[in-house]
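Structure first, commentary second.
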Amino acid sequence: MSKRNSTKVLEDNLRSSTFAEVDLGYDLKNAILEAKRCLACKIAPCEQGCPVKVKIKDFISEIKNGNIDLALEKINEDNILPAICGRVCPQETQCEKTCVLGIKNPENAINIGKLERFAGDYGKLKEETIISKKEIKVAIIGSGPAGMTCAGVLAKKGFEVTVFEALHEVGGVLTYGIPEFRLPKKLIVTEWEKLTKLGVKLEKNVIVGKTITIKELEGKGFKEFFVATGAGLPKALNIKGENLTGVYYANGFLTRINLMKAYRSEYHTPYKIYKHVVVIGGGNVALDAARTAKRLSAETVTIVYRRSKKEMPARLEEIRHAEEEGIQFNLLTNPKEIKGTDKVESLYCERMILGEADQTGRASFLPTGEFIDIKADMVIIAVGQSANPSFFNNIEIERNKYGNIIVDDNKLSSYPNLYAGGDIVTGASTVIEAMAHGKLVAEVINKKYQ
Ligand code: FAD
Ligand code: SF4
Ligand code: SF4
């Protein structure tokens with residue numbers, strides 16, 4: 001069986017000094033070579049692994065024939081953000097996991113994500129013409145992947161869509177969370193330009209629930225609402241020393257770097273250089289924070305995670321890139337206290353061993369009674385996020401014990417004509433899940449007016 005054609009990556013020794021994208025993607029020749037490996041299976045199991053059911057077999061077949069525009073058109077029927085999903089989807093647990101070529105060795109599955117990214121980067125779509133304008137105003141709250149997808153699908157159906165965004169930039173986590181070296185921000189700008197061309201209006205710096213309420217928006221003629229405000233509230237560890245100088249939450253840290261460009265001297269958002277950075281957590285957020293700290297001149301960056309590498313929720317590619325970049329992994333290690341007088345001096349941890357699988361299906365971790373002290377002047381906490389609370393100031397709406405909005409199968413909440421989706425419903429999840437919700441809600445709203 002032929003091996004996967006890998007994409008080129010930026011050399012390891014260049015990475016600590018640049019925020020340039022690490023994975024360089026395919027060129028045409030290599031994309032076609034990889035596409036030619038696809039067996040075009042009669043019932044393509046890869047498609048079952050994709051949350052939005054991209055027609056993988058068909059788009060790969062177009063790439064095989066050199067028809068990149070047609071490949072993009074095919075993907076666009078189900079996914080309007082292929083250049084983004086191709087870069088950030090956890091393919092190894094989704095589409096590529098179910099590819100038949102990966103049964104014996106997952107590393108030989110077709111490189112679906114990178115092919116999708118290639119089509120997204122180089123394919124061109126025909127201009128969309130909106131056939132029938134509907135005079136129905138829809139308000140979308142939050143401009144992350146859920147909001148963007150819902151806006152795009154509804155605008156194409158002729159609805160008058162306005163997106164309200166609390167921040168001064170659009171894109172949600174795609175802009176303020178995921179770093180430039182993984183997801184270049186120009187891609188989000190391009191996607192917004194497409195939405196603008198479809199007639200989507202944008203109101204930035206508006207916190208719905210504070211600047212304006214849903215009732216007031218109803219008064220302005222909005223008939224339907226989609227709340228996609230994400231999970232932007234970081235979870236605390238609740239251990240001693242969490243208030244010391246030098247302790248950061250990953251979200252705040254990444255926002256300063258991504259959104260306010262704190263790493264560039266021409267911006268007035270200075271960032272203090274730390275030498276020994278310890279990041280607590282094992283997901284994409286932890287890996288992004290660690291790799292960002294490395295690029296900000298830290299001498300040592302260590303990930304502290306209480307389970308083993310196998311249980312880490314981060315994408316495999318990010319773990320591999322982090323290792324190449326010299327990030328150290330202190331696994332089976334559970335933080336107990338951040339030590340220091342005023343400033344962080346070390347992270348005191350207990351060693352763990354793996355136990356039986358818990359309710360999440362992952363191996364649990366058990367204390368050993370053995371302790372270590374890891375030298376640190378900065379600690380970044382990345383142990384999860386919960387519902388963004390700002391929306392809930394002036395509205396009565398049913399939420400679960402985690403603060404997430406409760407919705408039915410159509411994503412309708414307890415408030416009339418108000419739908420919700422993405423991380424505000426599921427808790428911290430994935431870009432493609434958020435997009436799937438946005439698409440579903442757009443289809444439900446569209447059906448109401450047919
Ligand atoms: P968000 O992207 O969070 O967008 C919500 C938007 O709503 C924000 O722009 C926010 O400012 C705005 N908002 C909030 N409250 C209000 C209000 N009251 N009024 C107006 N606007 C408001 N997923 C992956 O699939 N792959 C990855 O590699 C990956 N890496 C990640 C790395 C980081 C650092 C983080 C934080 C998350 C990562 N995720 C990843 C998760 C993924 O980004 C999220 O699941 C996804 O962005 C959720 O989309 P969303 O549209 O629901 O919300
Ligand atoms: Fe795979 Fe994500 Fe593309 Fe679906 S959207 S085919 S899961 S990369
Ligand atoms: Fe191609 Fe793999 Fe999908 Fe089969 S399962 S159609 S080989 S990508």
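Readers should treat all values here as calculations from the given coordinates under stated rules, not as data from a laboratory. All values reported here derive from a predicted model rather than from experimental measurement. Note: ideal-geometry Cβ built from the backbone for every residue, glycine included; neighbour counts use all protein chains shown.
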Quick check: net charge around ASN334, other residues with Cβ under 12 Å of its Cβ, Lys/Arg +1 and Asp/Glu -1?
+1
Kindly identify segment 8-122 as rounded, prolate or oblate by the Cα gyration tensor criterion: order the square roots of the eigenvalues as a ≥ b ≥ c, call it rounded if a/c is under 1.5, otherwise compare a/b with b/c, prolate if a/b is larger, else oblate.
prolate
Going from the fewest other Cβ atoms within 10 Å to the most, one would list ARG256, ARG87 as ARG256, ARG87
Under 28 Å from the Cα of LYS310, which lysines turn up, not counting those fewer than eight places away in the same chain?
LYS3, LYS8, LYS53, LYS97, LYS104, LYS114, LYS235, LYS294, LYS336, LYS375
Contour minus end-to-end for VAL100 and ILE372, with contour as 0.36 nm per residue of separation and end-to-end as the Cα-Cα distance?
93.5 nm
Total charge dipole magnitude, the chain, about the Cα centre, Cβ charges on Lys, Arg, Asp, Glu only, Debye to nearest 20
500
Residues meeting the amide H criterion for ALA376 (H placed from the backbone, H to H distance under 5 Å, 5 or more places apart or on another chain) are SER346, LEU347
At R0 = 25 Å, how high is the FRET efficiency between GLU266 and THR190 if r is their beta carbon distance? Nearest 0.05 is fine.
0.55
Need the C-alpha centroid separation for segment 190-269 versus segment 95-146, integer Å.
23
Segment SER297-LYS201, length gained on full extension (0.36 nm per residue, minus Cα span)
30.5 nm
Span from the segment 1-33 Cα centroid across to the segment 321-381 one, whole angstrom:
31
Ignoring everything except DSSP H segments at least 4 long, calculate the 222 nm mean residue ellipticity for the chain; use -39,500 (n - 2.57) per segment, divide by total residues, nearest 500.
-8500 deg cm²/dmol
Say R0 is 22 Å: what FRET efficiency, to the nearest 0.05, do THR129 and VAL444 get from their beta-carbon distance?
0.40
Using 0.36 nm per residue of separation minus the Cα-Cα distance, give me the extension gain between LYS215 and GLN48 in nm, one decimal.
56.1 nm
